[in-house]
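Novice: Before I ask anything, here is the structure I am working with.
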Amino acid sequence: MIVAERKPFEEIWNMISHYNRILVLGCGTCVTICWAGGEKEVGILASQLKIAGEKNNELIITESVPERQCEIEMIQELKDKEGNIDAILSMGCGAGVQTVAGIFTDIPVFPALNTTFLGMPEAEGLWVEMCSACGDCYLAYTGGICPVTRCGKGLLNGPCGGTRKGGKCEIDPEKDCAWVLIYRRLEKLSMLDLMEQYREPKNYRAVKRPGIIRATAR
Amino acid sequence: MKKTREKTELSELTTGEKDNFVKNVLVTASSVSGMKTALEISRLGLKITLLEKETELQDNHADIVDQGTVEIRNSLLQKIEKDKNINVVSPASIIKIEGTAGNFSVKIKKDNDVFFQKYGAVVIAGQNLTETVPVFLNFHNTGIMSQQKLGRLLGDSPHTVSPVIRKAKTIAFVFNDSGENSRKLTMSGLKYTCLLKKNTNCEVYVFISHLIVDSGGMEKLYREARVLGVIFIKYNENYKIISNKNGSIGIAAKDIFLDADIELFCDILVIGEKFIPCIQEDGLKTGYDTEGFYQDANVYLYPVSSRRRGIYFVGECRGDQDMMRTNVDVLNAALNSYELLSGFDIHSGGNVKVESEKCKVCLTCIRVCPHQAIRLVPFSDPAQQEAKNVAGIFPEACYDCGACSAMCPAKAIDFEFKRAPLNEYSDEQILKEIECLKQDDLPVFCCAESAFLAAERAVEINLYYSPRVKIIRVPCIGRVDLIHLFKAFEQKVPGVLLAGCPEQACTHLEGNIRAKDRVKYARELLKGMGIGEERLGIVFIGPDMAHRFVREISEMLERCST
Ligand code: SF4
Ligand code: SF4
Ligand code: SF4
Ligand code: SF4
């Protein structure tokens, strides 16, 4: 899923402080799950804005959390319902912010989050990056562990030779060396021959920016 | 009084709970403590399955525990064979325990089979989860040995003493290497010193840092040892093992009474072994103490409860326990399981509900619940066509701490009271109380089990505190949501204070720690808004600390009013 993080309040306040009627818009999917933009976080940010703007008598903060911010229909429905607003503070990921901006064309839409990566929760409150959405998935050759994302150098023919004691990464001793993990996993699967195969340089432009997928009817 | 009344009222709600409880108890393993527990539960009329990891019932600790153990064990074995309520399964072990009190689904491995079996309660007993190792295994042939080895070389009469011991002129003991007092090692150590004095001619010295002789018969043994001429040396904190040119081993320490460093060379140095937990794969999710033994270090769980209602710990798996304490455990575990399965256990939980439509299945609450009371269950809305799983709270395991409610990112969990006393814990009610705050008020969120009682006590003993202090009772400070803190600041209050249980004495295990983290995060957010961190406080107060409570709130008032 998409993992995001809230921006510091100063930054948000600088974007939005000269507007009066502000809609704080959350998203009920990925960013709810990663504790960044769900109903709870929307409530907290709204409350922060109210406290910071207590001198502004005209300040009106409204809150809303559609199921998914990146759906045109859902945002259109929201637009039809919403009354007068001067600006929207979006707590969705970058895709959400842009979807909203595409529909609320007359008012500015600001991001309250930094969209950080695609990852998964390793424990309560701990998310780790798993995939860089490179568009040409390698996992079949690497025991289901992504070297593009989890190797500090993104090596396709690893390890780099600098792996530290205990299987830690040369760049960051806190992190596991992805290639040690890959080796161990392949060893367990008796697929170590994959380690010996040479991987051609990767086509990092498998998906041209911006990526578009047009699926046929199924 | 008040609490008792509330509980009695609540009991009306929980009766009937027992009707769908499975009336079987699983006991593992068949150590002395396990066998005793099984017999005790059988006496109360419940059926028991006794799991044993080895092929037959045994107890590997006989060397260290009282000599009587062998006989005790044999008589227990006979009783168990005759008991119709007890069914022994071996060799088998638990892989994991799913479900909640009254309806545990236990995954058991027997031979090469893995199967699930239903039990109402589970007692984890005895030493298959503990093992003893000599601390100085690598000091072979140096004259250092463990108590177990000494015991074997010594036997129990003058004729059985091995020549190795007979040759020795001086023998020194350190009962417990790890510094913590071990009653078991002290007991057996004292016994060996007496035996040495009686059956050999050697000098016996004992180095102790703190000697506790509060278990059955220990005091008597200690006196006997003194009378027989064993010399006790009380040392300060650390001792060192030394050796001299002739290769003799010795011990150096600081004698507290002489206030001097002393050195003693001896022929044999006996050092108490260390008890280490042996928890392999753990599917229990019940937490450990700092040394890795079962049971979190939390006073509310003593003696035998675990963080999951219906799972109990007995004997050595709780650490280094002597027989006397184990016996207390046995009775407690038996009684607890009996009360649970026959409906006498008044349980006042389960007033927290998930609003299924709002649940985003983020699993946060499942990870957060200290009592493992939340699982995924099929969506309860009949209008919903597709089968979807959402979080569901099992009332029989829930203790109404509200941690899940405060953490849910979708605000899908709230208190939904069956009855008045818990009304005040719902979001709606807490927010209402916050709305009533005036500009100069200091809201203090008080844990109902600790700080709130301290506040009540303060009133009782006429301790004055400012009327500006507004107490908001919560079941645990882990229930206080960030939004509650910010809503309070919206009321322009000078500060907000959270008051909960002291560390390792949190009624809900980690509610206070969670609250501490939350305060840390909230302070960061407040800093960004130009609100100083001194305006959000957190204190940890026991239920009897009325003076401390008043002092803390006065200090807080002073700090944030300037
Ligand atoms: S806007 Fe879409 S992609 Fe972004 S967090 Fe919400 S659901 Fe996920
Ligand atoms: S190779 Fe790695 S980054 Fe590329 S798609 Fe696969 S998991 Fe994602
Ligand atoms: S924390 Fe809330 S949203 Fe997440 S699983 Fe639990 S009830 Fe559902
Ligand atoms: S209130 Fe506490 S015990 Fe009950 S389900 Fe929630 S977290 Fe678990």
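Novice: Can you tell me the FRET efficiency between A:Q197 and B:K109 if r is taken as the Cβ-Cβ distance and R0 is 45 Å, rounded to the nearest 0.05? Could the numbers behind the result be given before it?
Specialist: Numbers: r = 39 Å, r/R0 = 0.87.
Efficiency, rounded to the nearest 0.05: 0.70.
Novice: Would you work out the charge dipole size for chain B about its Cα centre, treating the Cβ of every Lys and Arg as +1 and the Cβ of every Asp and Glu as -1, and quote it to the nearest 20 debye? Kindly include the intermediate steps, with their values, before the conclusion.
Specialist: Details: 71 positive and 74 negative charges, 82 e Å.
For this selection, approximately 400 debye.
Novice: Just to verify a number: what accessible area does A:M191 come out at with the full protein assembly present, 1.4 Å probe, Å² rounded to tens?
Specialist: Using a 1.4 Å probe on the heavy atoms, I get roughly 70 Å².
Novice: Another question about this same structure. Given H placed 1.01 Å from N in the peptide plane, which residues other than close sequence neighbours of B:F173 have an amide H under 5 Å from its amide H?
Specialist: B:Y205, B:V206, B:F207, B:V270
Novice: Quick check on chain B: of the DSSP beta bridges with both residues there, what percent are antiparallel, nearest 5%?
Specialist: Details: 42 of 90 bridges.
Roughly 45 percent of the DSSP beta bridges within chain B come out antiparallel.
Novice: Let me ask you something else. At 1.4 Å probe size, what's the solvent-accessible area of B:H210? Round to the nearest 10 Å².
Specialist: Near enough 90 Å² of accessible area.
Novice: Additional query: Rounded, prolate or oblate: pick one for the stretch B:355-506, where a ≥ b ≥ c are the square roots of the eigenvalues of its C-alpha gyration tensor, a/c under 1.5 means rounded, and failing that, prolate if a/b is larger than b/c, else oblate. Let's see the in-between values first.
Specialist: Values: a/c = 2.56, a/b = 1.88, b/c = 1.37.
Note, shape of the stretch B:355-506 comes out prolate.
Novice: Can you send over the solvent-accessible area of A:L189, 1.4 Å probe, protein chains only, in Å² to the nearest 10?
Specialist: Per-residue accessible area (A:L189): approximately 80 Å².
Novice: Given H placed on each backbone N at 1.01 Å, which residues far from A:G37 in sequence or on other chains put an amide H within less than 5 Å of it?
Specialist: So A:G37 has HN proximity to A:T32.
Novice: Using only the Cα atoms of the protein assembly as shown, build the gyration tensor, take square roots of its eigenvalues as a ≥ b ≥ c, and label the shape rounded, prolate or oblate: rounded if a/c is under 1.5, else prolate if a/b is larger than b/c, else oblate. Mind showing how you got there, number by number?
Specialist: Working: a/c = 1.89, a/b = 1.60, b/c = 1.18.
Verdict is prolate for the protein assembly as shown.
Novice: Then there's this: Assuming R0 = 45 Å, can you tell me the calculated FRET efficiency for the pair B:E555 and B:L211, based on Cβ-Cβ distance, to the nearest 0.05? Let's see the in-between values first.
Specialist: Numbers: r = 42 Å, r/R0 = 0.92.
The calculated FRET efficiency here is 0.60.
Novice: Another one. Helix-only estimate, please: 222 nm mean residue ellipticity of chain A, summing -39500 (n - 2.57) across DSSP H runs of length 4 or more and dividing by its residues, to the nearest 500. Before the final figure, lay out each step's value.
Specialist: Working: 8 runs with 65 residues, N = 218.
Estimated from H runs of four or more residues: -8000 deg cm²/dmol.
Novice: Enter the mean number of other protein chain beta carbons within 10 Å of the beta carbon of each residue in A:30-40, as an integer. Spell out each step's value before the answer.
Specialist: Numbers: counts 2, 1, 8, 7, 3, 5, 1, 1, 9, 8, 10.
Average neighbour count from other chains, rounded to a whole number: 5.
Novice: Charges on Cβ only, +1 for Lys and Arg, -1 for Asp and Glu, centred on the Cα centroid of the protein assembly as shown; of B:L154, A:C146, B:S209, which one is farthest towards the dipole's positive end?
Specialist: It is B:L154.
Novice: Tell me, what is the percent relative contact order of chain B, built from C-alpha pairs under 8 Å that lie six or more residues apart? Please report the intermediate quantities before stating the final value.
Specialist: Values: 1155 pairs, mean separation 67.7, N = 562.
The value is 12 percent.
Novice: Kindly write out, for the stretch B:271-277 in residue order, the coupling ³J(HN,Hα) from the Karplus curve 6.51 cos²θ - 1.76 cosθ + 1.60 (θ = phi - 60°), rounded to whole Hz, with x marking Gly and Pro.
Specialist: Working through the residues one at a time gives 10, x, 7, 9, 8, 10, x Hz.
Novice: Starting with the highest mean, order A:100-106, B:535-541 by the number of other Cβ atoms within 10 Å, averaged over the residues of each peptide. It would help to have the intermediate numbers written out before the result.
Specialist: On the way: A:100-106: 15.1, B:535-541: 21.6.
Listed from highest to lowest mean packing, they are B:535-541, A:100-106.
Novice: How large are Rg and Dmax for the stretch B:426-562 when only the alpha carbon atoms are used, in Å?
Specialist: 13.7, 42
Novice: If DNA, RNA and ligands are ignored and the probe is 1.4 Å, what is the ranking of A:T116, B:T326 by accessible area, most exposed first? Before the final figure, lay out the partial values.
Specialist: Details: A:T116 65, B:T326 5 Å².
Sorted by accessible area, descending: A:T116, B:T326.
Novice: While we're here: Output ³J(HN,Hα) for the stretch B:73-83: one whole-Hz value per residue in order, computed from phi by the Karplus curve 6.51 cos²θ - 1.76 cosθ + 1.60 with θ = phi - 60°, and x for Gly and Pro.
Specialist: 4, 4, 5, 4, 4, 4, 4, 5, 4, 7, 6
Novice: Can you tell me what share of the DSSP beta bridges in chain A is antiparallel? A percent to the nearest 5 is fine.
Specialist: Values: 12 of 24 bridges.
If I count the DSSP bridges inside chain A, around 50 percent turn out antiparallel.
Novice: For a quick protection proxy, order the peptides B:481-491, A:32-42, A:143-153 by their average other-Cβ count within 10 Å, most packed first.
Specialist: Going from most to least packed, we get A:32-42, B:481-491, A:143-153.
Novice: Mind running the shape call on the stretch B:130-275? Use the C-alpha gyration tensor, a ≥ b ≥ c as the square roots of the eigenvalues: rounded below 1.5 for a/c, prolate if a/b tops b/c, oblate otherwise.
Specialist: Values: a/c = 1.22, a/b = 1.02, b/c = 1.20.
It comes out rounded by the Cα gyration axes.
Novice: Quick one: which residues, 5+ away or cross-chain, put their amide H under 5 Å from the amide H of B:R473? H built at 1.01 Å from N.
Specialist: Correct list: B:C446.
Novice: Same structure, new question: So for chain A, averaging the separation of alpha carbon pairs under 8 Å that are six or more residues apart and normalising by length, what relative contact order in percent results?
Specialist: Numbers: 354 pairs, mean separation 38.3, N = 218.
This gives 18 percent for chain A.
Novice: Calculate the mean, over all residues of peptide B:525-536, of how many other protein chain Cβ atoms lie within 10 angstrom of the residue's Cβ. Show your work: numbers first, answer last.
Specialist: Values: counts 7, 3, 3, 9, 7, 5, 3, 0, 0, 0, 0, 0.
Mean partner shielding for this stretch: 3.
Novice: Here's another thing I want to ask about it. Starting from the residue with the highest accessible area, list A:C137, A:C30 in decreasing order, probe 1.4 Å. List each step's numbers first, then the result.
Specialist: Values: A:C137 95, A:C30 40 Å².
Largest accessible area first, the residues go A:C137, A:C30.
Novice: A further question follows. DSSP loop trypsin sites (Lys or Arg not before Pro) in the stretch B:22-52 with at most 16 other Cβ atoms within 10 Å of their Cβ, which ones? Walk me through the intermediate numbers first.
Specialist: Numbers: sites: B:K23, B:K36, B:R43, B:K47; in loops: B:K23.
Answer by residue number: B:K23.
Novice: Here's another thing I want to ask about it. What whole number of Å gives the distance from the Cα centroid of the stretch B:196-238 to the Cα centroid of the stretch B:394-459?
Specialist: Their Cα centres are 54 Å away from one another.
Novice: Within 10 Å, Cβ to Cβ, of A:V128, how many net charges do the neighbouring residues add up to if Lys/Arg are +1 and Asp/Glu are -1?
Specialist: Working: positive: A:R150, A:K175; negative: A:E122, A:E129.
Its environment carries a net charge of 0.
Novice: Calculate the spin-label point distance for B:R375 paired with B:F116, positioning each point 7 Å from the Cα along the beta-carbon direction, and give it in nanometres.
Specialist: Those two pseudo-labels are separated by 0.7 nm.
Novice: Additional query: Placing +1 at every Lys and Arg Cβ and -1 at every Asp and Glu Cβ, with all other atoms neutral, what dipole size does the stretch B:130-275 have around its Cα centre, in debye to the nearest 20? Each step should come with its number before you reach the end.
Specialist: Values: 18 positive and 15 negative charges, 105 e Å.
Using Cβ point charges on Lys, Arg, Asp and Glu, the stretch B:130-275 gives about 500 debye.
Novice: Distance check, please: which entries in A:K79/B:K358; B:K36/B:K82; A:K7/A:K81; B:K432/B:K487; B:K47/B:K79; B:K360/B:K516 exceed 19 angstrom between their Cα atoms? Intermediate values should be presented prior to the final figure.
Specialist: Working: A:K79/B:K358 22 Å; B:K36/B:K82 14 Å; A:K7/A:K81 28 Å; B:K432/B:K487 10 Å; B:K47/B:K79 15 Å; B:K360/B:K516 26 Å.
Over 19 Å apart, Cα to Cα: A:K79/B:K358; A:K7/A:K81; B:K360/B:K516.
Novice: Would you calculate, for chain B, the mean residue ellipticity at 222 nm contributed by helices, counting each DSSP H stretch of 4 or more residues as -39,500 (n - 2.57) and dividing by all residues, to the nearest 500?
Specialist: On the way: 15 runs with 172 residues, N = 562.
Using -39500 (n - 2.57) per qualifying helix, the result is -9500 deg cm²/dmol.
Novice: Same structure again: For the stretch B:96-106, just list the computed ³J(HN,Hα) in residue order, Karplus coefficients 6.51, -1.76 and 1.60, θ = phi - 60°, integers in Hz, with x standing in for Gly and Pro.
Specialist: My calculation for the stretch B:96-106 gives 7, 10, 9, x, 10, 2, x, 9, 6, 10, 9 Hz in order.
The values are calculated or read from the model by the stated rules, or taken from the named source; none is laboratory data. Given the structure is predicted, the values throughout are model-derived calculations rather than measurements. All Cβ positions, even for glycine, are placed from backbone atoms using ideal geometry, and neighbour counts span all protein chains on display. Surface areas here come from the heavy atoms of the whole protein model, side chains and all, with no ligands, DNA or RNA. Shrake-Rupley method; radii C 1.70, N 1.55, O 1.52, S 1.80 Å.
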